[in-house]
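Heads up: the structure comes next, in structure tokens.
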Amino acid sequence: MTALLPDAIATSVAAARSEIWGRFMNAETGILYDHTDAAGTVHLPTEADIAERRPNALSYQVPIEDGAFYNALLLLGQCARWQATGDADAAERAVRIARTLTRLGTVSAVPGFVARNLLMPSGAHYPCSSDDQVFPWILALWTFHQSGIPDPALRDAVGALLVDKITALEKRAWKIPSDPEDFQHYGAFLATRNAHVVRIPFVTRIAHVLTGDAIWLERYRDALAMTQPGKAAPTLALLERGAPYGPPGANSHRFWLSGSSQPALHWLARLEDDLEIRAAFERGLAANARAAVPHAERYGLFDNGDTRHFELDWRYLNAIWRPQTDAWDARQLAMQQVEWGYEVSPRGPYEFGLVTEPIFAAWVIVASGDRAFIKSQRRLIEAVLLHYDWSRLYTVPFVIVETIAHTAALSGLWTEG
């Protein structure tokens, strides 16, 4: 299938790709930075910083905070681009990104651990991963595995690594380990937020596809039937209902963190043989897409000419640094530093609220697979993809625009009928 983009959209997406692979890509590691300026300036931590857990063990506020997360999104974009266009460049980039994600999943001997980022050549990395890093990592490598891009050897290696991680996490009751392990876990796939209840069903279902072992299908069915801690209904009912996204300005379920749940749910719908369960998944996908619309519409509030300050050098945060005993002690420190960072660097939250969230809401719309609804939102999707001057953004979340554009194209947004 060839699903090309309209000229204006193609130009905007190509410009975004150029910025991502130019300014935001660490050429040595192949891993994206969280932030930089127009000149590509970054202030990387040293191995000593990482060893001392500065500014914090979660790497919050440093430019290598979310490498597994953003590289996963980068891989999804190249897989979608290749599927839509057959462009060999997309396939070549996808292979490179997949190998980088594999490195993040094998740099540690701790079962189930996926590093956020690393320094070369030592492989030094901060101790804390998180559920929000690991789940997109799994989703992206699964998508790559199924894409037709990798050769048999790489496909088998990726599949084996996915099974290894999912098996290790299941044995840990879905808690995300740190490295070293005695730093305790940080995050879990057992949801505390409704938007994430798809995680255990998704990983158990793909483990069944990858292994053929009936125990994983049983775990998948059990996961749909279970009522997760703190929830009032079984997982399947919550997935059918859709995530409880609040109105713009009062939404506790951030789209940039929950967005990956939508393509995961779409995968479950594609893999499900039970027509009633599949229909429930499709109702959830549709509900999520409709709830995302008013959030995506906030794109127009962003001023490309805004001059708020973005502080690139995170080392001022060391003024309140202290040793940290475990992951949750580290989180307390990290959140103090994040709040201070909002004051020192107001451009960061400005981009988050009016670039990141609208763009990720648009992803939730196009990832629904609801072709009629996606077509009904053509004006909005095009506006989101055309509004921003990518060259003036300090933060990397716009990496998702390539996924949005090509997923929309594959859904028939720009075809007649």
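The values are calculated or read from the model by the stated rules, or taken from the named source; none is laboratory data. What you see is a predicted model, and the numbers here were worked out from it, not measured in a lab. Here the Cβ positions follow ideal geometry from the backbone for every residue, glycine too, while neighbour counts run over all protein chains shown.
Computed values, structure above
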read-out: Residues within the stretch 279-302 that are in contact with a Pro (Cβ under 8 Å, 6 or more places away or on another chain) and surrounded by 23 or more Cβ atoms within 10 Å (Cβ to Cβ), tallied; value: 2
read-out: Selection count, the stretch 287-312, where residues are of a type in the set (Gly, Ala, Ser), over 20 Å from the mean Cα position of the chain (by Cα) and in a helix (DSSP H, G or I); value: 2
read-out: Unique residue being part of a helix (DSSP H, G or I), of a type in the set (Lys, Arg) and either within 25 Å of the chain's Cα centre (by Cα) or more than 17 Å from Val396 (Cα to Cα) (or both) when the list is Arg315, Arg322; value: Arg315
read-out: Every pair of residues 6+ apart whose Cβ atoms lie under 6 Å, when the first sits in the stretch 3-27 and is polar (S, T, N, Q) while the second is surrounded by 15 or more Cβ atoms within 10 Å (Cβ to Cβ) and assigned to a helix (DSSP H, G or I); value: Ser12/Leu385
read-out: Answer from Trp137, Trp174 - the residue that is among the aromatic types (Phe, Trp, Tyr), modelled with pLDDT of 95 or more, in contact with a helix residue (DSSP H, G or I) (Cβ under 8 Å, 6 or more places away or on another chain) and on the phi > 0 side of the Ramachandran plot; value: Trp174
read-out: Options Ala330, Ala334, Ala372: the member that is aliphatic (A, V, I, L, M) and over 23 Å from the mean Cα position of the chain (by Cα); value: Ala372
read-out: Among the residues listed as Thr227, Thr192, Thr204, the single one being polar (S, T, N, Q), under 30 Å from Cys128 (Cβ atoms) and either modelled with pLDDT of 95 or more or in contact with a strand residue (DSSP E or B) (Cβ under 6 Å, 6 or more places away or on another chain) (or both); value: Thr204
read-out: Cβ-Cβ under 8 Å pairs, at least 6 apart or on other chains, the stretch 230-254 side more than 20 Å from Gly353 (Cβ to Cβ) and in contact (Cβ under 8 Å) with a residue 40 or more places away in the chain, far side surrounded by 16 or more Cβ atoms within 10 Å (Cβ to Cβ) and β-branched (Val, Ile, Thr); value: Lys231/Val197; Leu236/Ile277; Leu238/Val197; Leu239/Val197; Leu239/Val198
read-out: Close pairs (7 angstrom Cβ cut-off, 6 or more residues apart or separate chains): without any contact (Cβ under 8 Å) to a residue 60 or more places away in the chain and over 19 Å from Ile64 (Cβ atoms) in the stretch 391-417, assigned to a helix (DSSP H, G or I) and of a type in the set (Gly, Ala, Ser) anywhere; value: Ile404/Ala362
read-out: Restricting the stretch 225-278 to residues that are part of a helix (DSSP H, G or I) and among the acidic types (Asp, Glu), the residue that is surrounded by the fewest Cβ atoms within 10 Å (Cβ to Cβ); value: Glu276
read-out: Flag if Phe113 is at pLDDT 95 or above, under 20 Å from the mean Cα position of the chain (by Cα) and under 17 Å from His406 (Cα atoms); value: no
read-out: Matching entry among Gly348, Gly341, Gly353 (being under 23 Å from the mean Cα position of the chain (by Cα), surrounded by fewer than 16 Cβ atoms within 10 Å (Cβ to Cβ), at negative phi and of a type outside the set (Asp, Glu)); value: Gly353
read-out: Index of the failed condition, Val42 passing every other in (1) closer than 25 Å to His387 by Cβ; (2) surrounded by 14 or more Cβ atoms within 10 Å (Cβ to Cβ); (3) not small (Gly, Ala, Ser); value: (1)
read-out: Selected residue [touching a Leu at 6+ places or on another chain (Cβ under 9 Å), under 17 Å from Arg298 (Cα atoms) and modelled with pLDDT of 95 or more] from Leu333, Leu393, Leu354, Leu380; value: Leu354
read-out: Restricting the stretch 369-415 to residues that are assigned to a loop (DSSP other than H, G, I, E, B) and among the hydrophobic types (A, V, I, L, M, F, W, C), the residue that is nearest to Val355 (Cα to Cα); value: Leu393
read-out: Single residue of the stretch 146-180 satisfying the filter (touching a residue at least 24 places away in the same chain (Cβ under 8 Å), over 30 Å from Gln83 (Cα atoms) and touching a His at 6+ places or on another chain (Cβ under 6 Å)) that is surrounded by the fewest Cβ atoms within 10 Å (Cβ to Cβ); value: Ile176
read-out: Complete set of residues in the stretch 84-110 that are under 25 Å from Glu402 (Cα atoms), touching a residue at least 24 places away in the same chain (Cβ under 8 Å) and among the small types (Gly, Ala, Ser); value: Ala84, Gly86, Ala91, Ala94, Ala98, Gly105
